[in-house]
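*Asks:* So that we are looking at the same thing, I have put the structure below in structure tokens.
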Amino acid sequence: MKGSQIVCESLIKEGVEVIFGIPGGPILPLYDTLPQYPQLRHILMRHEQGAAHAADGYARASGKVGVCFATSGPGATNLVTGIASAYMDSVPIVAITGQVASHLIGRDAFQEADITGIVLPITKYRDLVLDTKELAGVMKKAFYIARSGRPRPVLIDIPRDVFLGEADYEYSDQEPIIPGHDWPQAMKRRDRIYQMEKQAEKAVTLIKQARAPVILAGRGIVISGAYDELKELAEKTQTPVISTLLGLAAFPQNHFLSLGMLGMHGNFCANLAVSNADLVIAIGMRFDDRVTGEVSEFATKAKVIHVDISPAEIGKNVPVDVPIVGDVKTVLRFLNSRLENQTHTDWITQIEEWRREHPSLIRESEQVLPQYCIKSIYEITEGRATIVTGVGQHQMWTAQHFTFLEPNTLISAGGLGPMGFGLPASIGVQIARPGKTVWLIDGDGSFQMTMHELAVLVQEGLPVKIAIINNGYLGMVRQWQELFYGRRYVATPLSGPDFVKIAEAYHIPAIRVTQKEMVRSAIQKAMDYEGPFLIDFMVEPEENVYPMVSPGGSLSQMLEEPRKEVFVR
């Protein structure tokens with residue numbers, strides 16, 4: 001077979017159905033081969049960054065490996081932001097890039113870039129394939145590495161002549177053995193299970209002794225699919241569940257044990273609970289700075305149990321008393337089998353008191369408030385929707401005011417925080433979940449970074465509903481300028497376009513909402529329309545996200561509207 005056929009055959013063997021990409025010279029042999037494989041659906045994006053984010057959204061929503069194509073040079077480098085975002089959030093994608101012909105590599109040929117060197121720190125594995133005979137093995141290895149252990153992106157760079165070359169095609173059904181690749185391959189399975197169980201027994205002892213425990217649920221719950229196991233642990237031990245941003249849809253938020261999100265813009269009672277807990281059970285999360293605030297003041301009264309599949313994360317940011325390296329689902333099943341029913345009446349009562357004192361309310365206003373718009377989307381959809389966000393204030397308001405009831409229904413970029421993630425990611429999500437309701441909640445700043453991908457919604461007939469929270473600013477940066485830089489609004493006011501006309505130019509119906517009484521009817525109209533629909537919510541320009549932990553501050557000290565400091569008693 002030709003190299004291009006080997007790539008396509010390998011994709012099919014790995015269960016790939018959808019590819020997001022843009023063609024160019026060096027990768028044209030691969031595109032020329034695609035018509036031979038109609039089972040591979042190619043989605044033509046409008047920018048390679050969009051292709052990477054769409055593959056990311058598809059992977060998060062489907063549980064499969066997302067795939068994107070790009071050509072050499074600028075095509076490949078345009079993928080970098082999306083690859084970096086997937087790396088930070090542990091999303092499995094395989095990026096396949098074309099490269100200039102082998103004999104031109106290193107000669108500064110037209111559109112040559114050392115993409116494998118560029119993505120070295122943001123991929124789990126990368127390879128420049130110089131021999132067509134190696135393609136099948138490299139493809140097998142790429143998908144295995146992307147999805148095994150801690151999932152993360154992989155990039156395969158293929159010169160034009162390797163696509164055109166020929167080789168015998170064999171594709172093994174066996175998992176490749178890659179010495180030193182992951183800790184599971186570095187330890188015998190029996191020894192690995194023994195170590196996990198030994199540490200988990202220590203955790204059981206701490207859980208039984210705790211009087212004020214909390215569970216911190218991260219994206220690892222979603223990746224492992226450990227929703228039932230998490231719920232069983234929480235209910236059996238009567239332990240409140242607090243989520244990271246990417247763990248919000250890991251536990252039903254209408255459950256009485258759910259305290260919502262913690263961290264810089266976390267719920268007040270969640271931050272208070274962590275600051276006063278005597279045991280923190282951290283599951284599939286990495287203690288990033290937006291979660292912990294000042295690390296030296298994080299959960300100072302608590303012992304810490306940390307469960308994660310990646311040993312590199314344990315102890316990296318927060319000292320840990322009981323480290324457990326293993327798959328979250330497996331570890332939680334073991335813990336649940338060793339634990340008996342517990343009660344923490346006094347602790348739950350204290351948390352309920354904090355919840356009453358510091359409720360997450362939307363203040364009364366005749367203006368169009370972003371919180372009200374997001375809450376209305378929740379109420380009208382009854383929580384039966386997948387929510388995709390961009391990055392900024394709207395992302396935090398969504399985390400605070402949309403109640404996530406079903407597993408894995410929040411798709412948002414956490415670690416890298418790239419503005420522009422929302423629209424292309426929603427394309428991937430809608431393709432992964434045909435027939436399901438998908439809402440994109442975006443900011444006017446974030447949306448403008450990739451709004452050209454509106455063309456793909458029409459091209460592919462994707463009924464994504466779009467809510468733009470339009471405040472005329474780069475809102476999160478403006479909020480920092482207001483609170484910490486003397487209200488000097490430098491380079492944050494946006495003179496944005498008419499989003500309604502832009503939508504209509506792409507043949508997408510749209511409504512501008514300027515009054516509070518228009519909000520719910522506009523949302524309902526979007527829901528009733530069969531195709532994509534855009535709503536431009538003209539919200540209060542200087543509305544801030546509260547509560548807020550000041551940069552470098554402690555979770556025990558929060559700014560709460562109206563900007564009063566509150567301390568843990």
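The values are calculated or read from the model by the stated rules, or taken from the named source; none is laboratory data. These numbers were taken from a predicted model, which means no experiment stands behind them. Note: ideal-geometry Cβ built from the backbone for every residue, glycine included; neighbour counts use all protein chains shown.
*Asks:* I'd like to verify a number: residues in region 373-402 that are surrounded by fewer than 24 Cβ atoms within 10 Å (Cβ to Cβ), assigned to a helix (DSSP H, G or I) and in contact with a Ser or Thr (Cβ under 8 Å, 6 or more places away or on another chain), how many?
*Replies:* Let us first name the residues in region 373-402 that are surrounded by fewer than 24 Cβ atoms within 10 Å (Cβ to Cβ), namely 375-376, 378-385, 400-401.
Right, trim to assigned to a helix (DSSP H, G or I) and you get 375-376, 378-381, 400-401.
With the extra rule that they be in contact with a Ser or Thr (Cβ under 8 Å, 6 or more places away or on another chain), the set shrinks to 378, 381, 400-401.
Total satisfying the criteria: 4.
*Asks:* Going by the conditions given, is ILE223 at pLDDT 95 or above, over 30 Å from ASN544 (Cβ atoms) and crowded, with 24+ Cβ neighbours inside 10 Å? Lay out the reasoning, then the answer.
*Replies:* Values: at pLDDT 95 or above: yes; over 30 Å from ASN544 (Cβ atoms): yes; crowded, with 24+ Cβ neighbours inside 10 Å: yes.
Yes, satisfied.
*Asks:* Give the number of residues within region 226-270 that are at negative phi and within 22 Å of the chain's Cα centre (by Cα).
*Replies:* Total satisfying the criteria: 29.
*Asks:* Working carefully through the options ALA109, ALA95, ALA136, ALA113, find the one that is in a helix (DSSP H, G or I) and either at negative phi or at pLDDT below 95 (or both). Full working, then the answer.
*Replies:* Details: ALA109 fails: in a helix (DSSP H, G or I); ALA95 fails: in a helix (DSSP H, G or I); ALA113 fails: in a helix (DSSP H, G or I).
Result of the check over ALA109, ALA95, ALA136, ALA113: ALA136.
*Asks:* Considering each of ALA136, ALA86 in turn, give the residue that is among the small types (Gly, Ala, Ser), within 19 Å of the chain's Cα centre (by Cα) and buried (at least 19 other Cβ atoms within 10 Å of the Cβ). First the steps, then the outcome.
*Replies:* Values: ALA136 fails: within 19 Å of the chain's Cα centre (by Cα).
Just a single option satisfies the conditions, and that option is ALA86.
*Asks:* Filter region 436-485 down to the residues that are basic (Lys, Arg) and either within 18 Å of TYR506 (Cα to Cα) or not assigned by TED's automatic domain parsing to the domain that holds GLY420 (or both) and list them by number.
*Replies:* Filtering region 436-485 for residues basic (Lys, Arg) gives 436, 465, 478.
Matches in region 436-485: LYS465 only.
*Asks:* Report those strands (runs of 3 or more DSSP E) wholly inside region 413-531 carrying at least 1 residues which are farther than 19 Å from ILE387 by Cβ.
*Replies:* Working: elements: 438-443, 465-470, 510-513.
Fully inside region 413-531 and qualifying: 510-513.
*Asks:* Please count how many residues of region 532-553 are assigned to a loop (DSSP other than H, G, I, E, B), hydrophobic (A, V, I, L, M, F, W, C) and more than 24 Å from GLY496 (Cα to Cα).
*Replies:* Here the count works out to 1.
*Asks:* Further, regarding this structure: Among the residues of region 7-19, how many are outside any helix (DSSP H, G or I) and in contact (Cβ under 8 Å) with a residue 60 or more places away in the chain?
*Replies:* 2
*Asks:* Six or more apart or on different chains, Cβ under 7 Å: which pairs go from a residue in region 139-161 that's farther than 17 Å from LEU30 by Cβ to one that's assigned to a loop (DSSP other than H, G, I, E, B) and small (Gly, Ala, Ser)? Could you list them?
*Replies:* LYS140/SER172; ARG150/SER90; ARG150/SER310; PRO151/SER90; ARG152/SER90
*Asks:* A follow-up question, please. What is the number of the single condition among (1) crowded, with 19+ Cβ neighbours inside 10 Å; (2) more than 24 Å from the chain's Cα centre (by Cα) that PRO92 does not meet?
*Replies:* All conditions pass for PRO92, except number (2).
*Asks:* Answer with yes or no whether LEU28 is assigned to a helix (DSSP H, G or I), of a type outside the set (D, E, K, R), touching a helix residue (DSSP H, G or I) at 6+ places or on another chain (Cβ under 9 Å) and surrounded by 21 or more Cβ atoms within 10 Å (Cβ to Cβ). Walk me through how you get there before you give the answer.
*Replies:* Numbers: assigned to a helix (DSSP H, G or I): yes; of a type outside the set (D, E, K, R): yes; touching a helix residue (DSSP H, G or I) at 6+ places or on another chain (Cβ under 9 Å): yes; surrounded by 21 or more Cβ atoms within 10 Å (Cβ to Cβ): no.
Considered against the rule, which asks whether it is assigned to a helix (DSSP H, G or I), of a type outside the set (D, E, K, R), touching a helix residue (DSSP H, G or I) at 6+ places or on another chain (Cβ under 9 Å) and surrounded by 21 or more Cβ atoms within 10 Å (Cβ to Cβ), LEU28 comes out as no.
*Asks:* Please find, among ILE22, ILE93, ILE27, the residue that is closer than 20 Å to ILE145 by Cα, in the same structural domain as ARG150 (by TED's automatic domain parsing) and either touching a residue at least 60 places away in the same chain (Cβ under 8 Å) or out of contact with any Pro (no Cβ under 9 Å at 6 or more places or on another chain) (or both). Working first, answer last.
*Replies:* Numbers: ILE22 fails: closer than 20 Å to ILE145 by Cα; ILE27 fails: closer than 20 Å to ILE145 by Cα.
After ruling out the rest, the residue left standing is ILE93.
*Asks:* I'm trying to understand the selection: among the residues of region 119-133, which are more than 14 Å from VAL154 (Cβ to Cβ) and surrounded by 18 or more Cβ atoms within 10 Å (Cβ to Cβ)?
*Replies:* Let us first name the residues in region 119-133 that are more than 14 Å from VAL154 (Cβ to Cβ), namely 130-133.
The answer is THR132, and nothing else.
*Asks:* So, in region 311-350, of the ones that are surrounded by 14 or more Cβ atoms within 10 Å (Cβ to Cβ) and of a type in the set (D, E, K, R), which residue ends up farthest from LEU216 (Cα to Cα)?
*Replies:* ARG338
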